[in-house]
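The values are calculated or read from the model by the stated rules, or taken from the named source; none is laboratory data. These figures come from a predicted structure and were not determined experimentally. Note that each Cβ is placed from the backbone with ideal geometry, even for glycine, and that neighbours are counted across all protein chains shown. Note: areas computed on protein heavy atoms with side chains; ligands, DNA, RNA excluded. Shrake-Rupley method; radii C 1.70, N 1.55, O 1.52, S 1.80 Å.
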Amino acid sequence: MGKNNITEKIGRREWILVWVVGLAGQLCWNVENQWFNTFIYAKIGPYAWIISWMTAVSSIVTTFSTFFWGTMSDRKGKRRPFIFIGYLLWGLFTILFGVSEFLPKNELIAAAVMIVAMDALMSFFGSMGNDAAFSSWTTDISNEKNRGQIGAALAALPIIATILGTVVSGILISILDYFVFFIIMGVSVMIIGIAGFIFMKEGENLQPNRDEKGFWHQVFSVFNFKTVKENKELFCVFLISCVYFICFNFYYAHIGNYFIYVLGYDEGMSGILQGAGLGLAILSTIPATKAINKGQHIKMIAMSIVFSVIGLFVIGIAGRTIALLLPGIILAGIGYVLIMQTTTAWMKNLYPEGNYGQFEGVRIIFTVMIPMVLGPSSANIIIQAFGTPVEINGNVGMAPSSVLFYTAAVMSVLTLIPTYFASKHKKK
């Protein structure tokens, strides 16, 4: 690939790596965000508080890891070694997470601590390989003229991973159970990490960017008012993602358990329903790409909010009626796809040059840490107050109810507030 000038297209090798390495990472995140949660209900007990703690701790670890390794990769002017090491250890700790199945259940606190610790370690190295290094690499190889396509790919990857991760993973879990499934996923991610390291080339415009005052000064240099003032539009886009993904994590962390323990589907059917709906939703990236490349970000975000609100209400009222449930999943999925695609491209256009890795850390604060701390913990309150009582393997607890989706729908409307301020800065 030649110099990454404003008219250049992304090369074939780079596109293959975007899809293969990116998909492997998103599959691993899907396993963590969905099947770790159903694993807790199936193997430990119906304790939503464990899910809340697990997601909160892992999101904080993810944020620290992305800042640490993102800044390190900026200073070194390299992404490949961090992708390689991160993916290898990511896969290893995915396997080790399954070991918690064999801990004595009478020591609930010990089992919970083990689960939270393994998930945190997985998140630390996953963020090193995927959020800090791989995501920065996609910025290195792209420019303002093709980031609509990159945004579409990076928005599509989680959806494809969710389709594969829900349909295929659900079937594999039904056949093989959780521990063997975690082994398969962990080994697959490790193999992809090795292959990515072999075939990947650094972006040719990437240069070491060292703060002479030291590593930690560079890490914390973004935490000042001057940085926010100089990047007002970017931070408004961060806030759009933050508000939307608080609402998303409010229901998504618990949707698998809702399908299984309230609607009565097994893991395989739950995965098929979600995968079919999201598979159709991904088609929305095609027309959205042209709109994003034309700078119509506000329009796409407004459409995303409308689709999300309607979709969540439909899921809530559908119950087991597939004729309603599937359209609800499709609509909510379109909302998710559009906001992912739009904000990803918009952010990358606004990142200060030379600090891509570091600003991936800022992105993680707004799109992962805050949403994954506030979303599931707030949902836990709703589940305990308005959930459905269940008993699983002799353990009594609460499963999510449709109230969760109605609440998330109302919360999603709040995304319009930061969108309004972002539109004002964008016009300037």
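The figures follow:
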read-out: At most 11 other Cβ within 10 Å, DSSP loop - GluC sites (Glu not before Pro), region 156-236; value: E212
read-out: J(HN,Hα) series, region 263-271, from Karplus relation 6.51 cos²θ - 1.76 cosθ + 1.60, nearest Hz, glycine and proline x; value: 7, x, 7, 7, 4, x, 5, 4, x
read-out: Distance between region 175-213 and region 319-358 - C-alpha centres, whole angstrom; value: 23
read-out: Under-5 Å amide H pairs with I392, H placed in peptide plane, nonlocal only; value: G397
read-out: Long-range amide H partners of S402 with built H, under 5 Å; value: none
read-out: Folded to 0 to 90 degrees: helix 370-386 orientation relative to the chain principal axis, Cα; value: 20
read-out: Over 30 Å (Cα to Cα) - which of K76/K424; K43/K78; K213/K428; K76/K226; K232/K299; K213/K427 fall in this group; value: K76/K424; K43/K78; K213/K428; K213/K427
read-out: Protein accessible area in the chain, 1.4 Å probe - carbon and sulfur %; value: 69
read-out: Top positive-direction residue, dipole computed over the chain with Cβ charges, set I339, F84, G387; value: I339
read-out: Cα-based equivalent ellipsoid, region 282-427: semi-axes from gyration tensor eigenvalues, Å; value: 32, 20, 13
read-out: Simple label model, 7 Å out from Cα along Cβ direction - E212 to V306, nm; value: 5.4
read-out: Residue-by-residue Karplus 3J(HN,Hα) for region 50-61, coefficients 6.51, -1.76, 1.60, Hz, glycine and proline x; value: 5, 4, 4, 5, 4, 5, 5, 5, 5, 5, 5, 4
read-out: J(HN,Hα) series, region 282-291, from Karplus relation 6.51 cos²θ - 1.76 cosθ + 1.60, nearest Hz, glycine and proline x; value: 5, 5, 5, 5, 5, x, 5, 4, 5, 5
read-out: Residue among A153, A399, A323 with the largest mean-square fluctuation in a Gaussian network model of the chain, springs linking Cα atoms under 10 Å; value: A323
read-out: Rh by Kirkwood over Cα pairs, then Stokes-Einstein D for the chain at 1.306 mPa s and 10 °C, µm²/s; value: 74
read-out: Separation of alpha-carbon centers, region 226-264 and region 393-428, rounded to whole Å; value: 7
read-out: Accessible area in square angstrom per residue, region 204-360, 1.4 angstrom probe; value: 40
